[in-house]
Every structure is written in structure tokens, then in C-alpha cells.
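The values are calculated or read from the model by the stated rules, or taken from the named source; none is laboratory data. Worth saying up front: this structure is predicted, and the values here are computed from it rather than measured. Heads up, the Cβs are rebuilt from the backbone with ideal geometry, glycines too, and the neighbour counts pull from every protein chain shown.
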Amino acid sequence: MFEAPTQDRLLELIDAMQAQPVVLIADLVADRFIHGAPKRISREAPVLILSYEGETVVPGGGANAVANVRSLGGRPITIGTVGRDRDGEALLEALEERQIDTDGIDQLEGHRTTTKTRILAGGRHAIKQQIVRYDIESSRLLDDETLRQQAARLRPWKDRARVALLSDYGYGSVPPGWIPALRDELGDQVQLIADSRYRLGSFRGLDSATPNEEEAEALLGAPLGESLTEAAASARILRESIEAASLLITRGSSGMLLTTPAGCAALPVHGTDQVADVTGAGDTVIGTFGLALAAGATPLEAALLANYAGGIVVMKVGTATLQPDELRQSVVADPRPLEALQWATY
């Protein structure tokens with residue numbers, strides 16, 4: 001009979017996360033939020049005019065996964081690139097404010113930092129609502145010399161870092177062909193985990209991956225299925241197709257699905273269906289999942305902690321992170337993800 005982990009075990013793992021090193025190879029994005037208060041409708045066109053109140057830049061994309069590892073007490077070792085421009089400088093500053101080492105991040109001349117700008121409006125004492133977003137996207141394939149330099153920065157962590165996360169948003173900083181080099185530089189014990197927006201099928205030989213349901217079904221070419229038996233069979237096919245030891249599929253309000261060689265677990269969602277903002281929730285999931293594995297968790301224990309973490313951040317507005325105390329409180333206050341956990345064998 002399958003037995004779920006206990007609350008005490010999950011709480012022990014949260015403590016064990018502290019100061020654990022985690023390597024992150026990431027497409028780094030600057031998330032810029034511009035805040036304004038409604039002023040009037042333009043006389044020239046049906047356009048809302050805002051009174052500017054300020055703006056902030058926070059780590060987005062793969063940089064949000066980095067920020068989540070750090071906020072949970074881990075030690076992110078970050079490899080990536082930004083442009084030598086205003087947004088790149090703002091992103092580096094935002095990371096440094098969070099006490100994240102940026103020595104592994106290259107500033108490239110002639111490269112535009114990928115930036116997602118969200119304009120939010122609302123009353124002075126009300127929650128601001130996003131009314132429009134525009135993206136400045138810059139893809140750049142890194143040359144062999146840059147890749148060699150980045151790989152060399154990982155050598156001090158050989159046989160020390162247990163987990164390396166690959167956060168691939170399609171902007172060129174996370175080449176799938178890096179997997180053998182990462183194992184060479186970090187040692188045989190390292191667990192490689194990927195979150196790839198468009199090309200998870202290209203990352204062969206991973207230890208795990210964290211696609212959402214839409215990404216999983218696109219790669220599978222069919223729906224996962226409604227019942228646990230159907231979903232388990234589909235997830236197993238998908239896991240074996242990318243040669244991964246485990247696969248954690250996020251399913252929004254339906255929770256998560258973890259498939260391993262031993263079977264498939266369905267994790268009920270933590271929290272409610274009434275979410276505030278799903279921005280960056282996938283980054284929180286892979287960051288928590290990877291950090292928990294670095295702390296010695298099994299894939300199921302790590303998935304449960306990632307499930308709690310994802311449920312916390314979707315109740316926050318904007319690109320959010322969480323603190324260890326928030327994770328502890330959720331584990332104690334909501335036993336349902338443990339009690340309602342379902343398991344199916346193949």
C-alpha cells in the first residue's frame with residue numbers, strides 16, 4: 001500500500017533547503033510593472049488615460065526561478081545573459097537586492113534584454129489590474145566560446161551541487177545540447193531538471209521536467225485523459241519519450257501529476273480555484289521542486305512541496321516568490337494535499 005509523506009517530513013525538508021546550492025541555467029527576463037491611476041477617457045479616441053504612479057522591475061522568466069530558490073533559502077548559482085542596456089542593469093540590480101550572486105551572468109554588447117512590461121491601473125487604495133502588456137523579446141544563440149566560459153564557471157561546484165535547473169523560455173541561453181557538458185562539469189550525482197516552454201522533447205536524458213498540462217499535451221499529441229488511470233498511462237509515455245526518470249505535470253486547478261517508474265501520483269491543488277495571478281507560477285514550481293531535491297527529498301516529497309508553493313504564489317499579484325515560513329504554514333494548515341493524494345501503478 002502506498003504511503004504519502006508526513007507533514008513532519010515535509011517540514012524537515014523545508015529546514016534542509018536552507019543554503020543548499022542549486023545551479024540554474026536560465027533565460028533571464030526583466031518583468032517591468034508600470035502603475036497608474038485612471039484619469040479620464042481621451043477625447044480623441046476611446047483610450048484610457050492613466051496618471052503615472054511609478055514602476056518596478058523584478059526578476060522574470062528564468063530569473064524568477066532563481067529568485068524563488070533564493071527566497072526559500074537556497075543558494076542559486078546562476079548562468080545566463082542579459083544585454084548591456086537599461087533593462088539588463090535593472091534586472092541585475094533586482095537580483096543583487098535579493099542577495100543573489102550575478103557573477104555568472106554575462107552582459108552582452110548588442111543584445112537586448114528580454115523585457116515584459118505590464119501596465120496596471122486601479123484606484124489608489126485598490127488592487128491594480130493589468131490592462132495591457134508588451135514584450136521586447138531578444139533571442140540569441142550563444143557562440144561556442146561563451147558556452148565554454150559559462151560551463152567553466154560551474155567547475156567549482158562539481159560533486160557539490162546536487163541539482164541543476166534548466167529554465168528555457170526559447171531565448172537562446174539554454175541549449176539542449178548542454179546536457180552532457182553539464183554532467184561532465186557537475187559530476188554524475190547531479191540531477192538535471194528542465195522547464196522548457198516550446199521544446200521539451202529536445203532535452204533528452206533529463207532526470208526530471210516540469211511542463212504544464214498544455215505543454216505536455218502538445219508534446220504527447222493527445223489529451224492526458226480525465227481519469228487517473230488514463231492520465232497515468234499518458235504521463236508514462238511522455239516521460240519515457242524524453243528519457244526522464246520522473247516528470248511533474250502542473251494542471252492548474254486540477255493540481256499536479258507526478259510520474260515515476262514506480263507509478264503515478266495525482267496531487268490535489270493547494271488553495272482555492274479563485275487565483276489572483278498565475279504569472280510565474282511555473283518558475284516557483286521548478287524552483288521549489290529542484291531545491292527540495294537538493295535537500296534530499298524524493299520526487300514525491302519535492303512535488304508536494306512544489307504544489308504547496310505554487311498554490312501560495314498564485315494568490316499574490318505579479319511575479320511573486322514565497323518565504324520558508326509561508327511554506328511551513330501552508331503545510332501545517334492544509335493537510336488535504338497529503339490526505340487526498342492518489343496513486344496508480346502501471
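Among (1) more than 30 Å from W178 (Cβ to Cβ); (2) surrounded by fewer than 22 Cβ atoms within 10 Å (Cβ to Cβ), which single condition is L10 missing?
(2)
Six or more apart or on different chains, Cβ under 6 Å: which pairs go from a residue in the range 140-167 that's among the hydroxyl-bearing types (S, T, Y) to one that's buried (at least 21 other Cβ atoms within 10 Å of the Cβ)? Could you list them?
S167/A26; S167/G62; S167/A65; S167/D195
Kindly check whether there is at least one residue in the range 116-123 that is within 25 Å of D195 (Cα to Cα) and within 17 Å of the chain's Cα centre (by Cα). Before the answer, list the steps.
Of the range 116-123, the ones within 25 Å of D195 (Cα to Cα) are 116-118.
Cutting the leftovers down to within 17 Å of the chain's Cα centre (by Cα) gives us 116.
Yes, there is a match, as at least one residue in the range 116-123 is within 25 Å of D195 (Cα to Cα) and within 17 Å of the chain's Cα centre (by Cα).
What pairs come out if I take residues in the range 320-342 that are more than 19 Å from D283 (Cα to Cα) and pair them with residues that are part of a loop (DSSP other than H, G, I, E, B) and hydroxyl-bearing (S, T, Y) whose C-beta lies under 9 Å away, six or more apart or interchain?
So the pair list comes out as L338/T6.
Can you tell me which condition T229 does not meet? The list is (1) under 26 Å from A297 (Cβ atoms); (2) not in a strand (DSSP E or B), and all the others hold.
Evaluating T229 over (1) under 26 Å from A297 (Cβ atoms); (2) not in a strand (DSSP E or B) leaves (1) as the failure.
Give me the residue from the range 135-167 that is buried (at least 21 other Cβ atoms within 10 Å of the Cβ) and not in a loop (DSSP other than H, G, I, E, B) and, out of that set, nearest to the chain's Cα centre (by Cα).
The selected residue is S167.
Identify, from the list A65, A90, the residue that is touching a residue at least 24 places away in the same chain (Cβ under 8 Å), of a type outside the set (F, W, Y) and touching a Pro at 6+ places or on another chain (Cβ under 9 Å). Lay out the reasoning, then the answer.
Numbers: A90 fails: touching a Pro at 6+ places or on another chain (Cβ under 9 Å).
The unique qualifying residue is A65.
Residue by residue through the range 307-319, note down the ones that are in contact (Cβ under 8 Å) with a residue 60 or more places away in the chain and among the small types (G, A, S).
Of everything in the range 307-319, those that are in contact (Cβ under 8 Å) with a residue 60 or more places away in the chain and among the small types (G, A, S) turn out to be A309, G310, G318.
Conditions first: (1) in contact (Cβ under 8 Å) with a residue 60 or more places away in the chain; (2) of a type in the set (A, V, I, L, M); (3) surrounded by fewer than 21 Cβ atoms within 10 Å (Cβ to Cβ). A245 passes all but one, so which condition is the exception?
Only one criterion in (1) in contact (Cβ under 8 Å) with a residue 60 or more places away in the chain; (2) of a type in the set (A, V, I, L, M); (3) surrounded by fewer than 21 Cβ atoms within 10 Å (Cβ to Cβ) is unmet by A245, namely (1).
I'd like the full set of residues that are modelled with pLDDT under 95 and either assigned to a loop (DSSP other than H, G, I, E, B) or in contact with a Pro (Cβ under 9 Å, 6 or more places away or on another chain) (or both), limited to the range 272-311.
Hits for the range 272-311 are T272, D273, Q274, V275, A276, D277, V278, T279, G280, G282, G311.
Would you check if V269 is at pLDDT below 95, hydrophobic (A, V, I, L, M, F, W, C) and in contact with a helix residue (DSSP H, G or I) (Cβ under 7 Å, 6 or more places away or on another chain)?
Yes; evaluated as a whole, the condition is true for this residue.
Which one of these is surrounded by fewer than 16 Cβ atoms within 10 Å (Cβ to Cβ), at positive phi and within 22 Å of the chain's Cα centre (by Cα): G110, G170, G177?
On the way: G110 fails: within 22 Å of the chain's Cα centre (by Cα); G177 fails: at positive phi.
When all the criteria are applied, what remains is G170.
Check I49, I25, I41, I14 and return the single one that is closer than 25 Å to Y171 by Cβ and either of a type in the set (A, V, I, L, M) or in contact with a strand residue (DSSP E or B) (Cβ under 9 Å, 6 or more places away or on another chain) (or both).
Result: I25 is the single residue among I49, I25, I41, I14 that is closer than 25 Å to Y171 by Cβ and either of a type in the set (A, V, I, L, M) or in contact with a strand residue (DSSP E or B) (Cβ under 9 Å, 6 or more places away or on another chain) (or both).
Taking the conditions exactly as written (of a type in the set (A, V, I, L, M) and either surrounded by fewer than 16 Cβ atoms within 10 Å (Cβ to Cβ) or free of Cβ contacts under 8 Å to residues at least 40 places away in the same chain (or both)), does I105 satisfy them or not? Spell out how you get there, then give the answer.
Values: of a type in the set (A, V, I, L, M): yes; either surrounded by fewer than 16 Cβ atoms within 10 Å (Cβ to Cβ) or free of Cβ contacts under 8 Å to residues at least 40 places away in the same chain (or both): no.
Spelling it out, it is not the case that I105 is of a type in the set (A, V, I, L, M) and either surrounded by fewer than 16 Cβ atoms within 10 Å (Cβ to Cβ) or free of Cβ contacts under 8 Å to residues at least 40 places away in the same chain (or both).
In contact (Cβ under 8 Å) with a residue 24 or more places away in the chain and within 30 Å of L267 (Cα to Cα): which single residue out of G170, G123 fits that description?
The conditions single out G170.
Being without any contact (Cβ under 8 Å) to a residue 24 or more places away in the chain and under 22 Å from the mean Cα position of the chain (by Cα) is the filter; apply it to the range 205-237 and report the residue that is nearest to A294 (Cα to Cα).
Here is the first cut: in the range 205-237, the residues without any contact (Cβ under 8 Å) to a residue 24 or more places away in the chain are 214-215, 217-223, 225-227, 230, 234, 237.
With the extra rule that they be under 22 Å from the mean Cα position of the chain (by Cα), the set shrinks to 214-215, 217-220.
Values: E214: 27, E215: 25, E217: 28, A218: 29, L219: 28, L220: 29 Å.
Selected residue: E215.
Taking the residues in the range 336-346 that are within 24 Å of the chain's Cα centre (by Cα) and of a type outside the set (K, R) as candidates, determine which candidate is farthest from L13 (Cα to Cα).
This residue is L341.
So which residues in the range 1-58 are under 30 Å from R197 (Cα atoms), free of Cβ contacts under 8 Å to residues at least 60 places away in the same chain and aliphatic (A, V, I, L, M)?
A19, V57 - these are the residues of the range 1-58 that are under 30 Å from R197 (Cα atoms), free of Cβ contacts under 8 Å to residues at least 60 places away in the same chain and aliphatic (A, V, I, L, M).
Can you tell me how many residues within the range 2-11 are within 21 Å of T260 (Cβ to Cβ), acidic (D, E) and either touching a His at 6+ places or on another chain (Cβ under 7 Å) or not in a loop (DSSP other than H, G, I, E, B) (or both)?
Residues that pass the stated criteria total 0.
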